[in-house]
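Input: a single structure, listed below in structure tokens.
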Amino acid sequence: MDTLLIVILAAVVLVIFYVIGAFNGLVTLRNRTQEAWSDIDVQLKRRYDLIPNLVETVKGYATHESGTFEKVVQARNMAMSAQGVKEKAQAENALAGTLKTLFAVAEAYPELKASQNFMELQGELRDTEDKIQAARRFYNGNALNLKTKIETFPSNIIAGMFSFKSMDFFELEDVAQKEAPKVDFKN
């Protein structure tokens, strides 16, 4: 009887330790994923801050392109106000498209391409796009780890008991839009 009681007690203790470990692992993954999302958010805000300067610089050379400028500003505002991963991804797709249009307009103005201010803004935007991609890869990796942990047995039982939810991936729709806008103003 004493041996049976010790075995049962040891099994209960092991189960308790497993539950605690699984719960803490899920909390850690959720927090890492949330931290990774905040890294994306920081880089997106950096880009949002660069866009008005870029628009003003181009506007100084291409005053008759007001429709393009308005579309960029609208897309920026929509991206800034987007909530959630999926909505943010859709807004970022729209913003990337309008930025490509803005750069296409800029190509028609040789004086603009030679502008030191424009070149610096272009470099800052390229650097920011690279940082967004890196942050997005880090976030998606953490989101994948969390999703895997939530869906695999036996941690899925703990995840269900404590209502852990997986997080959406931050994906861009078009392969061409996944890359930073590539503009060569030196030619």
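Please specify each residue of region 117-152 satisfying the condition of being farther than 23 Å from Asp168 by Cβ, without any contact (Cβ under 8 Å) to a residue 24 or more places away in the chain and of a type outside the set (Gly, Ala, Ser).
Glu120, Asp127
Picking from Thr68, Thr57, Thr28, Thr63, which residue would you name as being out of contact with any Lys or Arg (no Cβ under 9 Å at 6 or more places or on another chain), over 26 Å from Leu112 (Cβ atoms) and not hydrophobic (A, V, I, L, M, F, W, C)?
Unique residue meeting the criteria: Thr28.
Which of the residues belonging to region 117-160 are within 28 Å of Leu95 (Cβ to Cβ), buried (at least 17 other Cβ atoms within 10 Å of the Cβ) and polar (S, T, N, Q)?
Gln122, Thr128, Asn140, Asn142
Let me confirm something: among Thr148, Thr128, Thr98, which residue is at pLDDT 95 or above and of a type in the set (Val, Ile, Thr)?
Thr148
Quick check on Ile51: is it part of a helix (DSSP H, G or I), surrounded by fewer than 16 Cβ atoms within 10 Å (Cβ to Cβ), out of contact with any His (no Cβ under 8 Å at 6 or more places or on another chain) and aliphatic (A, V, I, L, M)?
no
Just to be sure I understand, how many residues within region 56-95 are at pLDDT below 90 and of a type in the set (A, V, I, L, M, F, W, C)?
Of the residues in that region, 3 qualify.
Just to be sure, is Lys113 surrounded by 19 or more Cβ atoms within 10 Å (Cβ to Cβ) and over 20 Å from the mean Cα position of the chain (by Cα)?
For Lys113, the condition - surrounded by 19 or more Cβ atoms within 10 Å (Cβ to Cβ) and over 20 Å from the mean Cα position of the chain (by Cα) - is not met.
With the condition kept exactly as written, say whether any residue in region 68-80 is of a type in the set (Ser, Thr, Tyr) and surrounded by 13 or more Cβ atoms within 10 Å (Cβ to Cβ).
Yes: one or more hits.
Consider region 1-37. How many of its residues are loosely packed, with under 12 Cβ neighbours inside 10 Å and either touching a strand residue (DSSP E or B) at 6+ places or on another chain (Cβ under 8 Å) or in a helix (DSSP H, G or I) (or both)?
Going through region 1-37 one residue at a time, the tally reaches 18.
Condition first: on the phi > 0 side of the Ramachandran plot and at pLDDT 95 or above. Can you find one or more residues in region 153-172 that meet it?
Yes, because at least one residue in region 153-172 is on the phi > 0 side of the Ramachandran plot and at pLDDT 95 or above.
Return the total of residues in region 37-58 being over 9 Å from the mean Cα position of the chain (by Cα) and aromatic (Phe, Trp, Tyr).
Qualifying residue count for the region: 1.
Would you pick out the residues in region 116-163 that are farther than 19 Å from Lys86 by Cα and β-branched (Val, Ile, Thr)?
Of everything in region 116-163, those that are farther than 19 Å from Lys86 by Cα and β-branched (Val, Ile, Thr) turn out to be Thr128, Thr148, Ile150, Thr152, Ile157, Ile158.
Report, ordered by the first and then the second residue, all pairs with beta carbons closer than 6 Å, sequence separation of six or more or different chains, a first member in region 74-93 that is touching a residue at least 12 places away in the same chain (Cβ under 8 Å) and under 16 Å from Trp37 (Cα atoms), and a second member that is buried (at least 18 other Cβ atoms within 10 Å of the Cβ) and among the acidic types (Asp, Glu).
From region 74-93, the pairs are Ala79/Glu92.
What is the residue count in region 79-104 for residues that are over 20 Å from Phe169 (Cβ atoms) and assigned to a loop (DSSP other than H, G, I, E, B)?
0
For region 106-120, which residues satisfy the criterion of being in a helix (DSSP H, G or I) and over 16 Å from Asn53 (Cβ atoms)?
Glu107, Pro110, Glu111, Lys113, Ala114
The values are calculated or read from the model by the stated rules, or taken from the named source; none is laboratory data. On a predicted model such as this, the values are computed, not experimentally measured, just so you know. Methodologically, a virtual Cβ is constructed for each residue, glycine included, from the backbone with ideal geometry; neighbour enumeration extends over all protein chains shown.
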